[in-house]
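Asker: Before anything else, here's the structure in question.
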Amino acid sequence: MRLSYVRELDEYPTGARRMKILTMAVLAILIGSYEGQIAPVVPLLLKDLNMSLATYGAVSGAAAVAGAVASILGGRLTDRVGRVRLLIPLMALTAVCCFAMTLVHSPRDLLIARILLAFVDGVAMASTAPLIRDFSPRLGRAQAFGFWTWGPVGANFLAAAVAGWTLPIFDESWRSQFVIMGCFSLVISAVIAFNIADLSPELRARIQHTERAAEEVVDLRRPPTVRSLFARRNIWAHVVGISLWLVLYITLSLFGQTMLVGALGISSAQASTIMAAFWSLNLVTLIVTGRLSDRLQLRKPFSLAGTIAAVLVTAYLAVALGQEGVSTGTLMVVGALLGGSLGVAYAPWMANYSEDAEDADPRLQGTAWGLFGFLSKAIAVVGLLVIPHVVVATSWQTWLFVALGCLVLFIPAILLFNGPWRRTTPAPLQVPLTEAEH
């Protein structure tokens, strides 16, 4: 039985219609990430609940674990029941969870509320990356995933901007931010519900090279099995490799400003300016490199070049953390170069991972991306629990060298990914699908 809000397409959309659906998927990850933002009100929250920073860290770690488990469960569910069928009601439920945050009056209440929100949001957002894959042919997939990545990053700016504008209006009440989140999320969820669609299972089972050219690669009479995905060496290379790559990324995301302040003695404002340069160029290179990767239909060379550049810049930064008198201008340039380098590697990697998983079985995209969501949140949990202890026992410089070593280990993993190293003249594509002729 098809639910009223689920519009299932039996013909692959093209042009503006496809772009509208992709935009809705990007908007969904933006709102889902925004709902999880709590950083702008943490100082107010700690004071109001009489809670220590250590307790808040434990609450955040527990919520991250719940989100990690939810991601892998949501990935399997979205493959089985469909993307939109899962996404729309759970987005509405996450809005309700935001309103529930206003009922928090103790650390225990906060723990329950954050775990609930993280779990529901984790299951809901597991549909977004598979939707990007479904509605982005390989000819434009890296750029599409680059825009998807804007969601989590853009949520940081959105939460900070809204808090800065509205907190004075509402007498510095942290609860006001969750009322705003809930209202905003309900409205955007309705917009998404009226404009998004799902592919039929038959269309999801195909590999779409362009808007009109596709191929069938699986026998629909046989159910998809997770074994067909993880029996492949290249998938394990992706899984292990990106786990190592994420160590540096998560370090900078969680502790970027703290690391710069603690190691170099600069002000919080200066550290935030440096990290702003990091994120700004990261956002630019995600899209620019994604577009270039799509045009050349090359993934691995970009991932390798971006990672090597990031290794060199990180090594310089690690050495600089042990020196005195490093100027803010120099650090801004270094931060921008590091963010840009990681962006060069990331969008093509996402396209590469999606395509390698697609080659195993296109029907398992949700499972593949659910695993990625689990890994990214698991690394965040490790970061929250391990990094502070390592830094206290040694220094920020030592930890950055550890993250650098993990980044270096991503390089041999790239060699095991599928895909060409240089552009070749493609053979004429044989398209057996009747729809491709229309």
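Asker: Let me know the Rg and Dmax you get for segment 261-353 when you use only its Cα atoms, in Å.
Answerer: 14.6, 45
Asker: I want the local charge near T14. Using Cβ-Cβ distances under 10 Å, sum +1 for each Lys or Arg and -1 for each Asp or Glu among the other residues.
Answerer: With Lys, Arg at +1 and Asp, Glu at -1, the net is +1.
Asker: Still on this structure: Rank L77, L283, L400 by accessible area, highest first, at a 1.4 Å probe radius?
Answerer: Order by accessible area, largest first: L77, L283, L400.
Asker: Let me ask something else. Which percent of the Cα-Cα distances in segment 28-149 go past 17 Å?
Answerer: Counting every Cα pair in segment 28-149, those more than 17 Å apart make up 59 percent.
Asker: State, to one decimal in nm, how far the label point of F157 lies from the label point of E172, with both points 7 Å from Cα in the Cβ direction.
Answerer: 2.8 nm
Asker: Using 0.36 nm per residue of separation minus the Cα-Cα distance, give me the extension gain between T14 and S228 in nm, one decimal.
Answerer: That pair, T14 and S228, stretches by 74.0 nm at full extension.
Asker: I need the calculated FRET efficiency for the pair N195 and V284, taking r as the beta carbon distance and R₀ as 25 Å, to the nearest 0.05.
Answerer: 0.35
Asker: Which order do K47, K300, K20 take when ranked by solvent-accessible area (1.4 Å probe, heavy atoms of all protein chains), largest first?
Answerer: My answer, sorted largest first, is K47, K20, K300.
Asker: Also, I was wondering about something else. Select from N50, A393, T210 the residue farthest towards the positive end of the dipole of the chain; place +1 on Cβ of Lys and Arg, -1 on Cβ of Asp and Glu, and compute about the Cα centre.
Answerer: Positive-most Cα among the choices belongs to T210.
Asker: Can you list the HN-Hα couplings for segment 195-206, worked out from phi with the Karplus curve (6.51, -1.76, 1.60; θ = phi - 60°), rounded to whole Hz and with x for Gly and Pro?
Answerer: Once rounded to whole Hz, the list reads 10, 9, 8, 10, 7, 5, x, 5, 6, 5, 7, 9.
Asker: Per DSSP helix of 4 or more residues, -39500 (n - 2.57); summed, then divided by the residues of the chain. What does that give at 222 nm, rounded to the nearest 500?
Answerer: So the helix-based figure for the chain works out to -25500 deg cm²/dmol.
Asker: Still on this structure, I have one more. Arrange the residues I308, I169 by how much accessible surface each exposes, largest first, with a 1.4 angstrom probe.
Answerer: Ranked list, largest accessible area first: I169, I308.
Asker: Could you tell me what percent of the accessible area of the chain is made up of carbon and sulfur, with a 1.4 Å probe and every protein chain present?
Answerer: Exposed carbon and sulfur together represent 66 percent of the surface.
Asker: Around G366, under 14 Å between beta carbons, what's the net of Lys plus Arg minus Asp minus Glu among the other residues?
Answerer: +2
Asker: Additional query: Using modelled backbone amide H atoms (1.01 Å from N, in-plane), which distant-in-sequence or interchain residues come within less than 5 Å of G36's amide H?
Answerer: Here nothing satisfies the definition.
Asker: Cut-off 10 angstrom, C-alpha nodes, Gaussian network model of the chain. Which of E324, E35, E216 fluctuates the most?
Answerer: E324
Asker: Taking the solvent-accessible surface of protein heavy atoms with a 1.4 Å probe, what is the per residue accessible area of the chain in Å²?
Answerer: Per residue, the chain has an accessible area of 43 Å².
Asker: Determine the sum of side-chain charges near I414: Lys and Arg each +1, Asp and Glu each -1, restricted to other residues whose C-beta is under 10 angstrom from that of I414.
Answerer: Result for the local shell: +2.
Asker: Kirkwood hydrodynamic radius (Cα pairs, Å) of segment 11-81?
Answerer: Final number for the Kirkwood radius of segment 11-81 is 15.4 Å.
Asker: Here's something else I'd like to know. Calculate, for I112 and V408, the FRET efficiency according to 1/(1 + (r/R0)^6) with r their C-beta to C-beta distance and R0 41 Å; round to the nearest 0.05.
Answerer: My answer for the efficiency is 0.50.
Asker: Moving to a separate point now. Counting only the heavy atoms of the protein chains, how much of H389 is accessible to a 1.4 Å probe, in Å² to the nearest 10?
Answerer: Per-residue accessible area (H389): approximately 130 Å².
Asker: Something else about it: Looking only at A160, A92, A54, which one moves most when the chain is put into a Gaussian network model with springs between Cα atoms under 10 Å?
Answerer: In the Gaussian network model the winner is A54.
Asker: Using +1 at the Cβ of each Lys and Arg and -1 at the Cβ of each Asp and Glu in the chain, identify which of S327, G75, M181 lies farthest towards the dipole's positive end.
Answerer: In the chain, that residue is G75.
Asker: Across all directions of projection, what mean area in square nanometres is found for the Cα convex hull of the chain?
Answerer: Result: 21.3 nm².
Asker: Next up: Taking amide H positions as placed 1.01 Å from N in the peptide plane, with prolines and chain starts having none, which residues 5 or more places from E8, or on another chain, fall under 5 Å of its amide H?
Answerer: D198
Asker: What's the magnitude of the charge dipole for the chain around its Cα centre, counting Lys and Arg as +1 and Asp and Glu as -1 at the beta-carbon? Answer in Debye, nearest 20.
Answerer: About 520 debye.
The values are calculated or read from the model by the stated rules, or taken from the named source; none is laboratory data. Please read these numbers as outputs of a predicted model, since none were measured by experiment. Glycine also receives a Cβ, built like all others from the backbone with ideal geometry; neighbour counts cover every protein chain displayed. The protein model used for the area step is the full one, side chains on, heavy atoms only, and it has no ligands, DNA or RNA in it. Shrake-Rupley method; radii C 1.70, N 1.55, O 1.52, S 1.80 Å.
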